[in-house]
Amino acid sequence: MITAARPSVEQVMQWLSAVADPEIPVLSIADLGLIRDIEWEGETCVVTITPTYSGCPAMREISDGIVAALKAQGLDQLRVDTRLSPAWTTDWMTEKGRDALKGYGIAPPAEKAIDISGITRRNTQVVVPCPQCGSRDTRLVSHFGSTSCKALYRCSHCGEPFDYFKAH
């Protein structure tokens with residue numbers, strides 16, 4: 001039990017910003033946009049997360065990471081809830097997260113998944129800049145990359161293959 005004043009939602013979010021995504025460790029779960037809500041129910045800190053897709057195999061590890069990070073800060077009464085609706089979208093990623101992806105060699109989403117009207121976009125003509133050299137002369141090799149949320153591209157300028165984190 002916490003003996004000091006209850007930490008603010010902002011403080012809890014800061015602590016959770018140190019929890020790495022298990023599949024892409026340069027991203028925090030906060031920068032990936034997985035944290036949907038942090039609230040207090042009495043003395044229990046409730047963190048609500050949304051998976052990148054409903055069958056995400058990393059959800060148990062993410063939940064365990066949240067619990068470990070908050071327990072390390074002295075929070076003992078915790079609950080991690082999962083919310084599937086609305087579905088996660090790459091639009092929830094932070095700029096810091098997008099920059100981390102690029103630095104890791106994965107092209108971040110090149111477009112918004114949802115346009116201003118709230119309609120899901122399906123632009124098949126998206127230009128994906130190479131995260132290695134910055135060239136926009138790239139081509140899709142396969143709609144399926146190393147994970148279901150990525151596609152495989154190749155840069156025509158530097159010749160390097162790279163993953164593209166698909167907008168969805």
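What follows is calculated from the coordinates using simple rules that are stated; it is not laboratory data. Fair warning: this is a prediction, and the values are worked out from it, not measured in the lab. With ideal geometry, Cβ positions are generated from the backbone for all residues, glycine too; neighbour counts draw on all protein chains shown.
Straight-distance candidates among the aspartates and glutamates for linking to Lys166, with alpha-carbon spacing under 12 Å and chain neighbours fewer than 8 residues away dropped: Asp91, Glu111. For Val126, put the label point 7 Å out on the Cα→Cβ axis and report which residues of the range 70-107 keep their amide N under 19 Å from it. So the set is 87-107. Look at where the Cα atoms of the range 86-114 and of the range 128-168 average out, and the two centres are 14 Å apart. Label zone (Gln77, point 7 Å along Cα-to-C-beta; backbone nitrogen cut-off 19 Å) within the range 12-49: 12-13, 38-48. When Cα extents along the principal axes in Å is computed from the coordinates, the matching label among [x] 48, 32, 31; [y] 58, 28, 23; [z] 59, 32, 25 is [z].
Antiparallel as a % of all DSSP beta bridges within the chain, to the nearest 5?
Numbers: 17 of 24 bridges.
Taking every DSSP beta bridge within the chain, about 70 percent pair in antiparallel fashion.
Since only Val67, Leu34, Ala100 are under comparison, the one whose Cα sits farthest along the positive direction of the charge dipole of the chain, derived from C-beta charges on Lys, Arg, Asp and Glu, is Ala100.
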